[in-house]
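None of the figures in this text is laboratory data; all of them are computed from the coordinates on show. Predicted model, so just to flag it, every value in this text is computed and none were measured. Don't worry about glycine lacking a Cβ; one is built from the backbone with ideal geometry, like all the others, and counts go over all protein chains shown.
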Amino acid sequence: MRDVSHLPSEGVIRLDDFRSSDVPTLILADQDSEHRRRFDVPDDFEPSVQHAERTLATWLCDKAKGVRWALAVRDCATGDLLGGCELRLSGVHSVQLSYWTYPAHRSKGVGTRAVALACRLAFEKLKLEQVELAIDSDNPPSRRIALRNGFSECGLYEGRMRYVIERCDAG
């Protein structure tokens, strides 16, 4: 099993586990039109406490299995939940990364910082070789986040633009 204790921080934001006190924010996220569109939420889906709690339980179970890590992105000073990211194994040495920022925190550098920390986690703690992103072509902010973090555009994956970054070992 891959160890993800001591999650990374960079002074402004930190990666952390989601917790039950995050349920109200998860419900609000499920109501956000941008979030719903990017994560293919069905039109008839109704956010609820029960769904948010099931989601948290699934994330904990997947983390324990070592197949997916859903992590909260928090403000280091306040502990406020700003967004999240998810790393999902896509091979022995590769992970697919998705990320989101809640509406009040968009366009403030949170996504760029979160992706940098998620890549650090993937390469340093999980010892993976590659991180992949799949971004809708009509999502310029996410595409800029990928490029700011050193990802290279590599064609299409399931109708989305594919970006990849590989671990570079010094020395």
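Key figures for this structure:
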quantity: Modelled FRET efficiency - R0 35 Å, CYS168 with ARG36, Cβ distances, 0.05 increments; calculated: 0.45
quantity: Cα centroid separation, the range 142-171 to the range 10-39 (Å); calculated: 23
quantity: Pairwise label distance in nanometres, CYS61 with GLU46, each label 7 Å out on the Cα-Cβ vector; calculated: 2.4
quantity: Difference of contour (0.36 nm per residue) and Cα-Cα distance, LYS127 to ARG88; calculated: 12.7 nm
quantity: In nm, spacing of pseudo-spin labels at SER20 and CYS76 (7 Å Cα→C-beta vector); calculated: 3.0
quantity: Alpha-carbon centroids, the range 55-103 and the range 108-140: separation in whole Å; calculated: 11
quantity: At q = 0.22 Å⁻¹, base-10 log of I(q)/I(0) for the range 77-171 (Debye sum, equal scatterers on each alpha carbon); calculated: -1.16
quantity: Per-selection metrics, the chain (Cα): Rg and Dmax in Å; calculated: 15.4, 53
quantity: Nearby lysines by direct alpha-carbon distance to LYS63 (threshold 26 angstrom, same-chain neighbours under 8 apart not counted); calculated: LYS125, LYS127
